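The structure under discussion appears below in the form of structure tokens.
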Amino acid sequence: MSLCDDILNLGHTIATDNWYTNLDLAKQLLNHDTYLIGTIRKNRRGLPMAVVEAKLEKGESIAMENQRGITVLKWKDKRDVLVFSTKYSNGKRTVLKKSRAIKKPKIILAYNEAKSSVDMSDQMTSYSSPLRKTLKWYKKLAIELILSTALVNAWIMYKENKNTNQGIVQFRRQLVEYLVDSGVDKENCEQRQERPKRMKHELL
């Protein structure tokens with residue numbers, strides 16, 4: 001919840017994957033006028049088993065909604081998809097798929113739209129990624145957050161403020177050059193270069 005402090009009580013909707021989505025989080029967010037939508041694991045506490053265990057044919061869906069407007073929906077596409085929402089009810093919308101009109105649950109469409117932004121961010125961070133296979137997992141996490149996710153956010157803000165179409169690779173290079181130049185103490189560098197090398201003495 002602490003990660004959401006800046007956006008609570010503003011009527012925003014948060015999209016999560018099944019690692020984070022749960023009933024307790026949904027209730028806490030509703031208490032702060034904030035909605036939740038996301039995929040959810042079938043073994044989460046408090047889910048209606050009639051929905052979780054339903055056997056569906058492709059294109060079919062089943063949903064249940066409680067008094068607080070919390071909806072759990074199961075939809076069968078290529079596989080079963082279990083989603084959770086405090087904003088959208090069990091409605092459907094007609095969309096085109098390969099020039100064919102099909103009906104999809106609104107919850108699914110809303111989640112896919114939110115997820116597409118995350119996919120785009122992942123795509124941007126993959127360009128010139130600094131990650132290497134030899135790094136340990138905690139180092140990878142730090143590098144991913146600082147040099148990938150934060151950099152993409154900075155790049156987006158830079159483009160909006162400067163009204164430029166500069167690519168992310170060029171932006172990364174420009175940022176690195178700026179940080180290197182601003183962090184170099186030329187006086188100390190020159191002094192270090194002037195120091196004579198230590199001579200090794202060996203006993204005969």
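Restricting the search to segment 58-71, which residues are touching a residue at least 40 places away in the same chain (Cβ under 8 Å) and in contact with a helix residue (DSSP H, G or I) (Cβ under 9 Å, 6 or more places away or on another chain)?
Within segment 58-71, Ser61, Ala63, Arg68, Ile70 meet the criteria.
Of the conditions (1) surrounded by 18 or more Cβ atoms within 10 Å (Cβ to Cβ); (2) free of Cβ contacts under 8 Å to residues at least 24 places away in the same chain; (3) out of contact with any helix residue (DSSP H, G or I) (no Cβ under 7 Å at 6 or more places or on another chain), Lys74 clears all except one; give me its number.
(3) is the only condition that Lys74 fails.
Starting from residues that are in contact with a helix residue (DSSP H, G or I) (Cβ under 9 Å, 6 or more places away or on another chain) and surrounded by fewer than 18 Cβ atoms within 10 Å (Cβ to Cβ), keep the ones in segment 82-119 and report whichever is modelled with the highest pLDDT. If you could, list the steps in order and put the result at the bottom.
Step one: list which residues in segment 82-119 are in contact with a helix residue (DSSP H, G or I) (Cβ under 9 Å, 6 or more places away or on another chain), which gives 82-93, 95, 104.
Filter once more, keeping what is surrounded by fewer than 18 Cβ atoms within 10 Å (Cβ to Cβ): 89-93, 95, 104.
Working: Ser89: 82, Asn90: 79, Gly91: 81, Lys92: 82, Arg93: 82, Val95: 78, Lys104: 85.
My answer is Lys104.
Looking at segment 15-57 only, could you name the residues that are among the β-branched types (Val, Ile, Thr) and either farther than 22 Å from Pro105 by Cα or touching a residue at least 24 places away in the same chain (Cβ under 8 Å) (or both)?
Thr21, Thr34, Ile37, Thr39, Ile40, Val51, Val52, listed by residue number.
May I ask you to verify whether Asp6 is at pLDDT 90 or above, of a type in the set (Asp, Glu) and either under 20 Å from the mean Cα position of the chain (by Cα) or surrounded by fewer than 14 Cβ atoms within 10 Å (Cβ to Cβ) (or both)?
In short, no.
Pairs under 9 Å by beta carbon, first residue under 16 Å from Tyr178 (Cβ atoms) in segment 136-165, partner of a type in the set (S, T, N, Q) and at pLDDT below 75, six or more apart or different chains?
From segment 136-165, the pairs are Leu147/Thr125; Leu147/Ser129; Leu151/Thr125.
Go through segment 48-64 and give me each residue that's part of a strand (DSSP E or B) and within 27 Å of the chain's Cα centre (by Cα).
Ser61, Ala63
The values are calculated or read from the model by the stated rules, or taken from the named source; none is laboratory data. The structure displayed is predicted, hence computed values, not measured ones. Every residue, glycine as well, gets a Cβ built from its backbone with ideal geometry; the counts of neighbours run over all protein chains shown.
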